[in-house]
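The values are calculated or read from the model by the stated rules, or taken from the named source; none is laboratory data. Worth saying up front: this structure is predicted, and the values here are computed from it rather than measured. Reconstructed Cβ throughout: ideal geometry from the backbone, glycine too, with neighbour counts over all protein chains shown.
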Amino acid sequence: MTEANGKLAADLSAHSPLAAITPDQVRECLLQVEDPELGINIVDLGLVYEVWTVGNEITIHMTMTSAACPLHAEMTREAEELLWRRWPQAGEIRIELVWNPRWTPEMMSPAARRSLGWKA
């Protein structure tokens, strides 16, 4: 097999409906979900705590900046819809809100802090 054919085979298997989903792929996909008030994605805000994948099942533990956040349902629904569009073959997608540890601004990426005018 030539190098070009090997790369093509790898590219095709990565997009195969049977290809395993990785936590990094999930986090990359979640970069598209923005906090509607801040305009910053939930990954850079530090709201996504853990991502587990087993085969084609996805579990995410995420939080909000406050337990009183009125947008939690909207953001989790948007994340779930985005993940189902990306991986319609997923066996299950679970997004669980967790409150421990409590979110703090230190959990944001340097880019998110800079965009809010804070020290990175």
- Query: Looking only at segment 96-118, which residues are closer than 13 Å to Asp44 by Cα, over 18 Å from the mean Cα position of the chain (by Cα) and either small (Gly, Ala, Ser) or assigned to a helix (DSSP H, G or I) (or both)?
  - Reply: Pro105, Glu106, Arg113, Arg114, Ser115
- How about segment 22-38: which of its residues are outside any helix (DSSP H, G or I), touching a residue at least 24 places away in the same chain (Cβ under 8 Å) and either under 23 Å from Ser115 (Cβ atoms) or among the aromatic types (Phe, Trp, Tyr) (or both)? Gln32, Val33, Asp35, Pro36, Glu37, Leu38
- Which pairs have Cβ atoms under 6 Å, sit 6 or more apart or on different chains, and link a residue in segment 92-120 that is farther than 22 Å from Ala67 by Cβ to one that is assigned to a helix (DSSP H, G or I) and not aliphatic (A, V, I, L, M)? Ile93/Glu80; Ala120/Pro110; Ala120/Arg113; Ala120/Arg114
- The residue that is nearest to Glu96 (Cα to Cα), considering only those in segment 1-58 that are at pLDDT 85 or above and hydroxyl-bearing (Ser, Thr, Tyr), is Tyr49
- Query: What is the residue count in segment 59-74 for residues that are under 18 Å from Pro101 (Cβ atoms), among the aliphatic types (A, V, I, L, M) and part of a loop (DSSP other than H, G, I, E, B)?
  - Reply: 3
- Could you list all residues from segment 89-120 that are closer than 24 Å to Trp52 by Cβ and among the aromatic types (Phe, Trp, Tyr)? Trp99, Trp103
- Item | Pairs where the first residue, in segment 39-59, is more than 15 Å from Glu78 (Cα to Cα) and touching a residue at least 40 places away in the same chain (Cβ under 8 Å) and the second is of a type in the set (A, V, I, L, M, F, W, C) and part of a strand (DSSP E or B), C-beta under 8 Å, 6+ apart | Tyr49/Met62
- Top-ranked residue in segment 39-58 [being assigned to a loop (DSSP other than H, G, I, E, B) and touching a helix residue (DSSP H, G or I) at 6+ places or on another chain (Cβ under 7 Å); ranked as farthest from Pro110 (Cα to Cα)]: Ile42
